[in-house]
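Below is one structure; the comments refer to it alone.
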Amino acid sequence: MSEASGVDGVDVGWEEARAANLANWEERVPLHVEGYGIEAFAEDPAHVSTVVRDDLPYLLPHLPDASLAGLELCHLQCHIGTDTVSLARAGARVTGVDFSPAALRAAASLAETLGIDARWIETDVLDSRAAVDAELGPESCFDVVYTSIGTITWLRDLGTWARQIAALLKPGGVFYIRDSHPMLFTLDERRDDLTVAFRYFGDGRPMQWDDASTYVGEGTVQATRTYDYPHSLSEVVTVLLEAGLTLEAMHEGRTLPWQFAPRMIQRADGEYEWPGDEADRVPCTFTLVARKPA
Ligand SMILES: C[S@@+](CC[C@H](N)C(=O)[O-])C[C@H]1O[C@@H](n2cnc3c(N)ncnc32)[C@H](O)[C@@H]1O
């Protein structure tokens, strides 16, 4: 379990924070290839990740015929590709984007093993439109842009993020995000109660963490320093609206697919929740579905 120590609101620039985060993510890849249970994809041709399993009921109603079949989908911050191949198994033609070369190598290897046709693009998510231009051509746009669980907290500038999403979407296309709720990130995971310990509202200054562990398995990394950024829910909604998207749906959830705090309890479906009536006191996730006007 995490021995993380967090410092709230440090004066560190984006380039330094991003470089530290990239070094950390590169080292997490082999630990996640071990710990994500990827062998289940080869064992069962119908297997999909729990993240995508939980996302599809919120995403599909916004798509033609409530289906991903035949749609071009861009997966931002795709990591080792477990969610990306799951979206391909749901019918999408997938392009995964991430800034970690090691993650993309693992994702490409997983897709190749499973016989899934996918494209992988190495870029900072904040430069993803230009990277898609370079790799697939400026005419390449997507029916769906998807990102889920462990995404915007790594980004300082959500205005740029939202403009990339708008530029990647076809007119009429759908953007989907589910992520840890910003209220959850105000809590100190080591405490035995739900006391607010950290900022809810962001101001461009990250939180600084030193933690050798990751959220699966017992393995450790050398590049322990990471930086992440608070973003209030209204900030996330506002940047998407300012980028020209229209909000179609919003949801807040009581469970998480990863164990935020040692006190969280794993349910039979693999999800984690706060014990007892604490599950009703604080949201664990938020989901937004937004559309680029046709
Ligand atoms: C928690 S993982 C992705 C979540 C996905 N649900 C999963 O578990 O596979 C976060 C990913 O974001 C990527 N990432 C972090 N900052 C990024 C950035 N600025 N640009 C692109 N990718 C980034 C990391 O490399 C990592 O693969």
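The values are calculated or read from the model by the stated rules, or taken from the named source; none is laboratory data. Since this is a predicted model, take the numbers as computed values, not measurements. Here Cβ is always computed from backbone atoms with ideal geometry, including for glycine, and neighbour counts include all displayed protein chains. Just so you know, the surface numbers come from the protein's heavy atoms only, side chains and all, with ligands and any DNA or RNA stripped out. Shrake-Rupley method; radii C 1.70, N 1.55, O 1.52, S 1.80 Å.
Derived scalar couplings between HN and Hα for region 163-174 equal 5, 4, 4, 4, 6, 7, 7, 5, x, x, x, 10 Hz in order, rounded to whole Hz, by the Karplus curve 6.51 cos²θ - 1.76 cosθ + 1.60 (θ = phi - 60°), x for Gly and Pro. Across the protein chains, with a 1.4 Å probe defining accessible surface, the residues D269, D98 rank D269, D98 from largest area downward.
If you take the Cα centroid of region 186-250 and the Cα centroid of region 107-126, the two points sit 26 Å apart. Sequence-distant contacts, meaning Cα pairs under 8 Å at least 6 residues apart, place the relative contact order of the chain at 22 percent. Against the compact-protein benchmark of 2.2 N^0.38 Å, the Cα-based radius of gyration of the chain scales to 0.95.
Let me test this: with uniform point scatterers at the alpha carbons of region 1-77, what is the Debye-based log₁₀ I(q)/I(0) at q = 0.13 1/Å? Result of the Debye calculation: -0.73. Where is the GNM fluctuation largest for the chain (alpha-carbon springs, 10 angstrom cutoff): E252, E16, E235? With Cα springs under 10 Å in the chain, the top fluctuation among E252, E16, E235 is at E16. Counted over the chain, the DSSP beta bridges are approximately 60% antiparallel. The protection proxy used here, the mean number of other Cβ atoms lying within 10 Å of each residue, ranks peptides 78-86, 19-27 as follows, highest first: 78-86, 19-27. Of the whole protein surface, M183 contributes about 60 Å² of accessible area at a 1.4 Å probe radius. Gaussian network model of the chain, Cα springs within a sub-10 Å range: biggest mean-square fluctuation belongs to which of I152, I38, I165? For the chain, modelled as a Gaussian network with Cα springs under 10 Å, the answer is I38. Rounded to the nearest 20 debye, the dipole magnitude of region 210-279 is 140 debye, with +1 charges on Lys and Arg beta carbons, -1 on Asp and Glu beta carbons, and the Cα centre as origin.
Nearest 0.05, what FRET efficiency do R263 and A69 give at R0 = 35 Å with Cβ-Cβ as r? That pair, R263 with A69, gives E of 0.30.
Dividing the radius of gyration of the alpha carbons in region 96-236 by their Kirkwood radius gives 1.00 for Rg/Rh. Phi-derived couplings, Karplus 6.51 cos²θ - 1.76 cosθ + 1.60 at θ = phi - 60°, listed residue by residue for region 116-128: 9, 7, 8, 10, 10, 10, 8, 6, 5, 4, 6, 10, 5 Hz, with x used for Gly and Pro.
Classification of region 218-294 by its C-alpha gyration tensor yields an oblate form. The axis ratio a/c (a ≥ b ≥ c) is 1.5 or more, and b/c is at least a/b. All other residues whose Cβ lies under 14 angstrom from that of D280 are scored, Lys and Arg at +1 and Asp and Glu at -1, for a net of -2. For the chain, the Cβ-based charge dipole about the Cα centre amounts to some 580 debye (Lys, Arg positive; Asp, Glu negative; other atoms uncharged). Compute the signed sum of charges (Lys and Arg +1, Asp and Glu -1) over the other residues within less than 11 Å, Cβ to Cβ, of S100. Cβ neighbours under 11 Å give a net charge of -3. You can think of it this way: the chain between L233 and D157 has 25.9 nm of extra reach, that is 0.36 nm per residue less the Cα-Cα gap. In this rough spin-label picture, where each label sits 7 Å from Cα along the Cβ direction, the Y200-A42 distance is 4.7 nm. E271 sits among other residues whose Cβ lies under 12 Å from its own Cβ, and their net charge, with Lys and Arg +1 and Asp and Glu -1, is 0.
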